[in-house]
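Report on one structure; see the data block that follows.
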Amino acid sequence: MASTVYTRITAAGNIKASPGRLYALIILNPDSSARHCILNDATSGTGSEVAKFLTPSKQTKVYLFGDGITLHTGIRIGTFEDSDTIVTGIYD
């Protein structure tokens with residue numbers, strides 16, 4: 001892993017607006033019901049779905065990707081179910 005970068009988002013948007021490797025997502029859900037967000041290999045919209053993450057109510061989940069997931073277009077959370085959810089991506 002080269003030098004890693006952290007980006008925090010609170011709405012649908014780019015974690016990285018160019019190709020990269022994603023090593024982890026930290027998803028904080030303060031709400032009283034489960035929430036989901038979708039990881040896309042894109043820089044806009046919701047195309048090229050890579051994975052969907054469901055975070056139980058009032059929990060923080062850490063999703064580790066070992067050697068990383070290579071995303072060829074960009075690292076984007078294209079769907080964000082709730083504005084109280086916070087997503088932090090760790091990538092290079």
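Give me Rg over Rh for region 5-91, both radii from the alpha carbons and Rh done the Kirkwood way, two decimal places. Rg/Rh for region 5-91 comes to 0.94. Amide H contacts under 5 Å for residue 34: 57, restricted to partners 5 or more places along the chain or on a different chain, H placed in the peptide plane at 1.01 Å from N. Take each peptide in 15-21, 3-9, 67-73, 39-45, count the other Cβ atoms within 10 Å of every residue, and average; sorted highest first, the result is 39-45, 15-21, 67-73, 3-9. At an R0 of 25 angstrom, the distance between the Cβ atoms of residue 34 and residue 70 translates into a FRET efficiency of 0.30.
Where a number appears in this text, it was derived from the coordinates with a stated rule and is not lab data. Computed from a predicted structure; not experimentally measured. When we count neighbours, we look across all protein chains shown, and the Cβ atoms used for this are built from the backbone with ideal geometry, even at glycine.
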